[in-house]
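First comes the structure, then the notes that go with it.
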Amino acid sequence: MNNTTIEYADFAEYDRRQRGIERHLVAAFLGGLVVGLVGVLIAGRGPGWIGQLYEPYAYLALALAVGATATGFGWALVTTFLAAVSTLVAAMGASAFRTDLPFADLGGGAAGLNWVLALLVGLGLLAYVTRRDDGWGDLAAGGVGAALIADVVDRATPGLMDAERSFWPVPALLVGLLAVAVVLALRRNARSRARALALSMLFSGLFTVWLGMFVTGWLPALA
């Protein structure tokens, strides 16, 4: 009798886990559809700061949320990829109603779309790793913060590849504060948060130096 009770409890737990995975898959797909659809419909419309904040940060937030709530590393990979692809599906459908925004131009072409997919999936996996309570979790949280901060620096600094004059100062400062908040939210104690923030600053600083050397032509000269 006791064995039967234990087996039933194990089976019920397994069933709940499977249903949770199914709901997570559906939520990731629907979330990607909504984010992608809204992104295309508001592109080029309304105040410029709305578009600057929405793209790419709404997509990045979706990837982080999906990855951080996955039940395993493999599921984080699958669901983040599903969410990223569903944003493209939504964009493809919405582009039929936006003749001024062809689907081929989204993400800067095929190479740009591949890079966006890789970035979203990578952030989703990092978000999942941040659930660890060790140094790897701190490292992953630092990587997430660095990705967000480096993007802000790239868009706010004149002369860099993706510089946007109107992005500074309000949108840049807002996203920078949100990036710090995300890092703090991903860690569970003061020591881990301090390490993650330090790593974010280190990684984003190294990326900024590399980007500056690339733009000024120093890297080819050193090669």
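The values are calculated or read from the model by the stated rules, or taken from the named source; none is laboratory data. What you see is a predicted model; the values in this text were computed from it and never measured. The area values use the complete protein model at the heavy-atom level, side chains included, leaving out ligands, DNA and RNA. Shrake-Rupley method; radii C 1.70, N 1.55, O 1.52, S 1.80 Å.
Miscellaneous remarks
- q = 0.27 Å⁻¹, the stretch 44-94: log10 I(q)/I(0) [Debye, one scatterer per Cα]: -1.00
- In order through the stretch 55-62: 3J(HN,Hα) via Karplus (6.51 cos²θ - 1.76 cosθ + 1.60), integer Hz, x for Gly, Pro: 10, x, 6, 5, 5, 5, 4, 4
- Rounded to the nearest 10 Å², the accessible area of PHE11 at probe 1.4 Å: 130
- Length gained when the stretch ARG191-TRP210 is fully extended (0.36 nm per residue, less Cα-Cα span): 4.0 nm
- The phi-based Karplus calculation (6.51 cos²θ - 1.76 cosθ + 1.60; θ = phi - 60°) puts the 3J(HN,Hα) values of the stretch 142-155 at x, x, 4, x, 5, 4, 5, 5, 4, 5, 4, 4, 4, 7 Hz, whole numbers, x for Gly and Pro.
- When the convex hull of its Cα atoms is projected in every direction, mean area for the stretch 1-80 (nm²): 6.1
- Each principal axis of the stretch 124-207 carries a Cα extent, and these read 40, 21, 21 Å when sorted largest first.
- In sequence order, the stretch 182-199 has phi-based couplings of 5, 4, 5, 5, 7, 10, 10, 8, 4, 5, 5, 5, 5, 5, 5, 5, 4, 5 Hz under the Karplus curve 6.51 cos²θ - 1.76 cosθ + 1.60, θ = phi - 60°, and Gly or Pro positions carry x.
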